[in-house]
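Engineer: My questions all concern the structure below.
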């Protein structure tokens, strides 16, 4: 990755890129520079002219990109000091670009560990809520989602989508709008990363179906506690199965 150190020499002839991608490319590189620790909280962003030369874009693109980064919580304008990097606690980790770059640079899988812990807590809660109020129609729909997983066993892409549909249905029917949206945002960001997908095998589909069936059986029985525990167990053991063994 190219450092944004303002002492380095900008490229003499910046590469041309499609206009509609310029802002996203600028934002992503700056996010990566911050997330990777090349720039620390409290440090100032390089001057606008340097960024314009470095990225080969107009001042308008740079200004719009900086504004987007401020909205994502990574930058803030400080009177008399320019624009500086904000502390990690201010970052909007639900933002797709921020989350994707965090995972990409998460060499010890700490972010993915945190994600799995949070997901286990929220989905356990939502599964319990869904089971406690499940209608006959809910049970029938959940059975269809489980069957879709069984029918697609061995097809990585189709099975993965059926798996996610099972989870999305439970979250939606739990009635917890906030938990659903936060968890889905994290899921979409994490599950699309290559690091999360690592170590998945077709043999794991057998275990995954059994774990989902345990959730389904608890919902059929309208047993909120059992449903919550079954979902928590599934998320914890499924991450343990795929967690990169060479990471700390």
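The values are calculated or read from the model by the stated rules, or taken from the named source; none is laboratory data. Predicted model only: the values in this text are computed from it and were never measured. Cβ atoms come from the backbone with ideal geometry, glycine included; neighbour counts cover every protein chain shown.
Engineer: Quick one: what pairs do we get from segment 157-183, first residue closer than 19 Å to residue 141 by Cβ, second outside any helix (DSSP H, G or I), C-beta under 7 Å, 6+ apart or different chains?
Structural biologist: Once the first residue is closer than 19 Å to residue 141 by Cβ and sits in segment 157-183, its partners that are outside any helix (DSSP H, G or I) give 158/152; 159/152; 159/153; 162/152.
Engineer: What are the residues in segment 221-234 that are more than 26 Å from the chain's Cα centre (by Cα), surrounded by 16 or more Cβ atoms within 10 Å (Cβ to Cβ) and assigned to a helix (DSSP H, G or I), if any?
Structural biologist: 224, 226
Engineer: May I pose another question? Being modelled with pLDDT under 95 and over 15 Å from residue 192 (Cα atoms) is the filter here; which residues of segment 148-161 pass it?
Structural biologist: Result: 153, 154, 155.
Engineer: Could you run through segment 18-51 and say how many residues are more than 27 Å from the chain's Cα centre (by Cα) and surrounded by fewer than 17 Cβ atoms within 10 Å (Cβ to Cβ)?
Structural biologist: Count: 4.
Engineer: Which ones in segment 31-51 are in contact with a strand residue (DSSP E or B) (Cβ under 8 Å, 6 or more places away or on another chain) and outside any strand (DSSP E or B)?
Structural biologist: The answer is 34, 39, 40, 41, 42, 43, 45, 47.
Engineer: Just wondering, is there one or more residues in segment 110-118 that are over 18 Å from the mean Cα position of the chain (by Cα) and buried (at least 19 other Cβ atoms within 10 Å of the Cβ)?
Structural biologist: no
Engineer: Search segment 77-88 for residues being within 14 Å of residue 47 (Cα to Cα) and in contact with a strand residue (DSSP E or B) (Cβ under 8 Å, 6 or more places away or on another chain), and hand back the single one that is modelled with the lowest pLDDT.
Structural biologist: 81
Engineer: Being surrounded by 15 or more Cβ atoms within 10 Å (Cβ to Cβ) and either farther than 25 Å from residue 93 by Cβ or at pLDDT below 95 (or both) is true for just one of 241, 164. Which residue is that?
Structural biologist: 164
Engineer: So which residues in segment 137-156 are in contact (Cβ under 8 Å) with a residue 12 or more places away in the chain, part of a helix (DSSP H, G or I) and farther than 13 Å from residue 219 by Cβ?
Structural biologist: 148, 149, 150, 156
Engineer: Out of segment 121-136, which residues are assigned to a helix (DSSP H, G or I), surrounded by 18 or more Cβ atoms within 10 Å (Cβ to Cβ) and in contact with a helix residue (DSSP H, G or I) (Cβ under 6 Å, 6 or more places away or on another chain)?
Structural biologist: 122, 123, 124, 126, 127, 128, 129, 130, 131, listed by residue number.
Engineer: Can you pull out the residues in segment 52-92 that are under 18 Å from the mean Cα position of the chain (by Cα), free of Cβ contacts under 8 Å to residues at least 40 places away in the same chain and assigned to a loop (DSSP other than H, G, I, E, B)?
Structural biologist: Answer for segment 52-92, where residues must be under 18 Å from the mean Cα position of the chain (by Cα), free of Cβ contacts under 8 Å to residues at least 40 places away in the same chain and assigned to a loop (DSSP other than H, G, I, E, B): 73, 91, 92.
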